[in-house]
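Since every read-out is calculated from the coordinates, none of them should be taken as a lab result. Since the model is a prediction, treat every value here as computed from it, not as a measurement. Cβ atoms come from the backbone with ideal geometry, glycine included; neighbour counts cover every protein chain shown.
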Amino acid sequence: MQGRNRFPAGLVLESHKQFPLDLPIVELPAPPCVVLALDQGSGREAEPVVANGDRVAFGSTVARPGAAGSAALHATISGRVVAIETREAATPSGHSTCIVIESDGEDRRDPALRTHPDYPSLDPDQLVVALRAAGIVGLGGAAFPTATKLEAARARGARKLVLNGAECEPWICCDDALLREQAADVLLGAHVLMQALAADSCVVAIEDDKPHAIEAMRASVAAAGATGITVQVLPAIYPQGAERQLVTAVTGDEVPSRGWPAEVGVTCQNVATAAAIARWVLTGEPCLTRVVTVTGSGVARPCNVRARIGTPLAALVEAAGGYRDTPLQLIAGGNMTGRALPSDGIGLAKAMNCVLVATRADLEPRISAFERPCIRCGDCATVCPAGLLPQQLHRAARADDESGLRGLGIWDCIDCGLCDYVCPSQIPLAYRFRSAQSVLREREAAARKATAARERHERRGRRLEQAALAEQHAFDAARRRALGNDTAARPDAPDGTS
Amino acid sequence: MRFDTAPAPHVIGGYSVPRVMFPVLLALVPAGMVHVALFGPGLLLQVAVASVTALACEAAALRWRKRDAGVALRDGSVLVTAFLLAFAVTPLLPWWLNVFGTAAAVLLGKHVFGGLGQNPFNPAMVGYAILLVAFPVEMTRWPVPLDADSAHSWADLARLTVLYFYGGDASGGWDGYTGATTLDSIRNGLDLRYTLPEMLERDDLVGPLGARGFAWINLAALVGGAYLLWRRIVRWHIPVAVLAGLMVPAMVASWLDPGAHLGGLFQAFAGATMLGAFFIATDPVSAATSDRGRLWYGAGIGLITWVIRTWGGYPDGIAFAVLLMNVAVPLIDRYTVPRIYGHPRD
């Protein structure tokens with residue numbers, strides 16, 4: 001089943017991708033210190049399994065999956081844990097507990113790491129367990145655990161794998177570089193994923209502004225004589241790489257609201273995730289490194305870097321020739337959905353596909369935007385890939401109209417930022433919608449808590465009542481027994497008087 | 001190194017309200033030129049008075065409301081209101097009526113509701129409707145267009161315009177220079193039991209393209225409208241729906257009873273049709289907001305215009321049609337929310 005190659009709405013944006021692609025991927029050496037955030041970008045923290053002062057080796061597990069959505073984390077240098085503390089991080093809250101490791105300079109490899117040439121002999125369940133232990137997460141930006149996604153897909157019988165190489169957001173080109181240089185790895189990762197899913201087909205979706213990547217991927221598929229794996233070229237339109245939009249572009253089906261792509265028989269994985277899996281097969285390394293674009297007008301030599309997770313971003317910028325001009329913002333991700341970070345001491349996270357060092361020129365005219373009232377022009381609705389009416393959502397959000405927000409689909413917003421992009425009144429719509437979502441989420445949580453408390457109270461009341469009743473019954477029975485015995489024994493008992 | 005933070009997205013397209021409003025003014029230029037050529041320089045006076053009044057009222061209202069006046073004045077929206085009102089009224093309107101209408105448009109049409117973006121009604125049409133209801137004689141006195149009567153000269157019209165502009169008495173010697181518009185004359189003629197073909201043969205009312213004077217202005221407004229479509233300031237839904245809502249019933253009626261009903265094309269190029277379809281009904285603030293809603297909204301305006309022109313007490317119906325459909329906008333918006341991605345199709 002081939003899709004229409006197109007999702008609804010969206011917009012062609014200026015790409016800013018050419019400079020880093022002039023250079024090959026730069027391998028960054030082990031840094032003297034890494035900062036590993038327990039929340040690598042998925043919003044949930046893993047549980048540390050090391051303590052302050054512990055010695056760790058390259059590849060040692062330092063945290064295991066905790067709350068749903070978190071993934072195992074490994075030491076990316078050998079050395080000693082010097083701190084486990086809350087630090088600034090690239091997370092929604094701006095903070096995460098971090099494990100800080102200082103290098104011993106030896107870069108000792110954990111002896112337990114072993115390659116997995118035998119992966120074809122593993123059954124899907126074993127593969128999922130292994131990928132979970134290896135801390136493999138979606139490297140496209142969500143950092144959602146791949147194992148969890150595979151389980152969800154298998155539970156729903158999804159048999160089609162889509163490898164996301166769309167990379168639609170401006171500035172980001174790490175997947176492009178990866179596909180150009182390591183298409184064979186992506187292909188190997190695709191085979192592993194297909195096996196874990198028992199999938200019958202795989203589509204590698206790449207936007208048409210990456211001809212070299214398309215060529216490399218096609219050549220790799222042809223050279224391997226891989227069956228069931230095809231390369232699908234999509235027009236370059238933002239936000240093609242958003243999971244739901246990509247599923248629609250590739251298959252023509254829509255992912256149900258608040259549902260999984262697996263419900264339409266598809267599961268999506270990023271090409272970089274596939275390459276990380278290939279690395280796990282070939283070298284035994286869990287998810288320890290990633291390719292990241294270091295770019296923006298604020299760096300001297302924009303490039304793609306393969307760096308260890310936890311490497312302070314300052315070291316990445318150094319690899320790109322250092323700062324230039326007057327950098328105003330350090331953005332993890334692209335300029336549409338990226339998160340502006342307060343400091344370059346934050347460690348590289350698995351979710352970071354790009355470090356954008358933005359000068360004023362990169363941020364104009366947003367940085368000097370002037371908000372005017374909404375004139376209901378509806379330009380936002382024409383570009384919204386979720387088919388929402390942002391102008392009406394904005395009105396509902398201003399009025400704090402909960403049912404209006406829900407009815408107009410606040411939960412279907414994918415936070416792509418296109419409504420902001422086209423708004424003539426320069427309203428920060430995406431930010432407003434995120435805020436409205438978090439307010440609703442808090443209220444839902446508070447309501448759930450209140451309901452739980454009320455139910456608990458009612459249950460306790462019933463329990464006490466029952467206990468009292470039971471006690472009463474027991475007492476009555478005992479009394480009846482006692483009285484019965486007594487009446488038989490004593491002639492002056494109440495029944496026997498008068 | 002420390003950095004500033006800001007919420008995503010970090011880039012925007014650089015569109016702005018002034019960049020929406022000023023092309024609208026530009027798009028009115030062709031219609032304005034034709035207007036001045038056929039009806040004399042009155043339009044220029046009306047535009048000048050309306051613009052000054054509108055800016056003054058906006059500034060005053062913002063001051064009262066303790067808002068930054070400079071920013072709002074520069075957004076161009078109040079000038080669009082002024083221009084549309086100036087185009088809608090007769091070029092012979094005395095200046096104080098223009099001031100009254102414009103002040104009503106800006107203050108009652110816009111600022112009592114909270115200014116830009118908050119007005120449920122099209123401000124220009126609020127001003128126009130108040131003027132038409134309060135001063136029907138002054139509002140329906142139009143110059144006879146120059147393409148209807150070659151005996152008059154543009155210079156004569158200019159003198160007449162200035163005379164009326166200052167409220168002078170122009171009854172003596174200027175009889176043949178003013179009159180009802182074509183749509184008005186045809187309506188009155190039909191009331192007097194003339195048949196439509198008789199009326200359409202009158203050279204002073206009907207020219208090669210349709211209504212004398214107005215047909216050419218409509219053509220120029222269509223050109224301006226095409227420019228707005230091309231610049232994507234206006235999208236096609238409302239103009240197309242207005243024209244369809246007006247022309248389809250007109251065509252059907254004139255096919256059924258050609259003696260009593262004007263045809264669709266005549267209607268499309270008469271009165272304020274094109275101005276209404278491309279410039280007035282498309283005011284986004286007071287229009288329905290989804291594509292489907294805009295089709296209903298526009299079609300409603302077209303249909304009500306046709307009904308008023310055919311059976312109503314006013315020669316043209318655009319203003320009242322727009323105001324009536326403004327009332328219906330919340331209802332339309334409620335029932336035309338498009339299907340959201342991933343939600344079931346009905």
At q = 0.06, 0.14 Å⁻¹, base-10 log of I(q)/I(0) for chain A (Debye sum, equal scatterers on each alpha carbon): -0.33, -1.48
Coil-residue chymotrypsin sites (Phe, Trp or Tyr not before Pro) of segment A:350-445, DSSP, other Cβ within 10 Å capped at 12: A:PHE370
Cα-based equivalent ellipsoid of segment B:17-179: semi-axis lengths in Å, sorted from largest, via gyration tensor: 31, 16, 12
Residue-by-residue Karplus 3J(HN,Hα) for segment A:324-333, coefficients 6.51, -1.76, 1.60, Hz, glycine and proline x: 9, 6, 10, x, 9, 9, 10, 10, 8, x
Along chain A, longest interval not containing exposed GluC sites (Glu not before Pro), exposed being DSSP loop plus at most 11 other Cβ atoms within 10 Å: A:15-370
Efficiency of FRET between A:ASP118 and A:ASN52 - r from beta-carbon atoms, R0 41 angstrom, step 0.05: 0.65
Under 21 Å, Cα to Cα: Lys pairs in the protein assembly as shown, sequence gap 8 or more or different chains: 5
Estimated dipole of segment B:1-158 in Debye, rounded to 20 [Cβ of Lys and Arg +1, of Asp and Glu -1, Cα centre]: 720 debye
Reciprocal mean inverse distance between Cα atoms of segment A:234-309 - Kirkwood radius, Å: 15.1 Å
For segment A:326-361 versus segment A:69-117, the gap between their alpha-carbon centres in whole angstrom: 21 Å
Separation in nanometres of the label points that stand 7 Å from Cα toward Cβ, at A:THR326 and B:VAL71: 2.2 nm
Spatial separation of Cα centroids for segment A:437-470 and segment B:204-227, in angstrom: 72 Å
Extension gain, A:ALA223 back to A:PHE475 (0.36 nm per residue minus Cα-Cα distance, nm): 82.2 nm
Cut-off under 5 Å, modelled amide H: who pairs with A:GLN232 long-range: A:VAL204, A:ALA205, A:ILE206
Share antiparallel - DSSP beta bridges, the protein assembly as shown, percent rounded to 5: 65 percent
Tilt relative to chain A, helix A:146-155 - C-alpha long axis, 0 to 90 degrees, to 10: 60 degrees
Extension reserve of the A:ARG398-A:HIS95 stretch, reckoned as 0.36 nm per residue once the Cα distance is removed: 106.3 nm
Average partner coverage of A:335-345, which counts Cβ from other chains inside 10 Å: 4
Potential lengthening between A:ARG448 and A:LEU23 on full extension [0.36 nm per residue; Cα-Cα distance subtracted]: 147.7 nm
A:SER201-B:TYR166 pseudo-label distance in nm [points 7 Å out on the Cα-to-Cβ vector]: 8.3 nm
Value of Rg/Rh across chain B [Cα atoms, Kirkwood radius]: 1.01
Per-bin percent of Cα-Cα distances, segment A:369-492 [5 Å]: 2, 10, 14, 13, 9, 6, 5, 5, 4, 4, 4, 4, 4, 4, 3, 3, 3, 2, 2, 1, 0
A:GLU106 versus B:ARG63: modelled label distance in nm, points set 7 Å from Cα along the beta carbon direction: 8.0 nm
Amide H contacts of A:HIS74 (H built 1.01 Å from N, under 5 Å, at least 5 apart or other chain): A:VAL62
Per residue convex hull volume, Cα atoms of the protein assembly as shown, in Å³: 293 Å³
Shielding by partners, peptide A:416-422 (average Cβ within 10 angstrom, other chains): 4
Highest-MSF residue in chain B out of B:HIS111, B:HIS35, B:HIS152 [GNM, Cα springs under 10 Å]: B:HIS152
Other-chain or far-sequence residues with amide H under 5 Å of A:HIS95's (modelled H): A:ALA89
Chain A, helix-only ellipticity at 222 nm - DSSP H runs n ≥ 4, -39,500 (n - 2.57), divided by all residues, nearest 500: -11500 deg cm²/dmol
R0 of 35 Å, Cβ-Cβ distance B:VAL137-A:GLU371: FRET efficiency to nearest 0.05: 0.15
Charge dipole magnitude, Cβ of K and R +1, D and E -1 - the protein assembly as shown, Cα centre, debye nearest 20: 1400 debye
Between 0 and 90°, nearest 10: helix B:237-256 axis offset from chain B longest Cα axis: 30 degrees
Whole-Å distance, taken between Cα centres, linking segment B:291-346 and segment B:35-103: 27 Å
Reference-scaled alpha-carbon Rg (2.2 N^0.38 Å with N residues) for segment A:28-155: 1.08
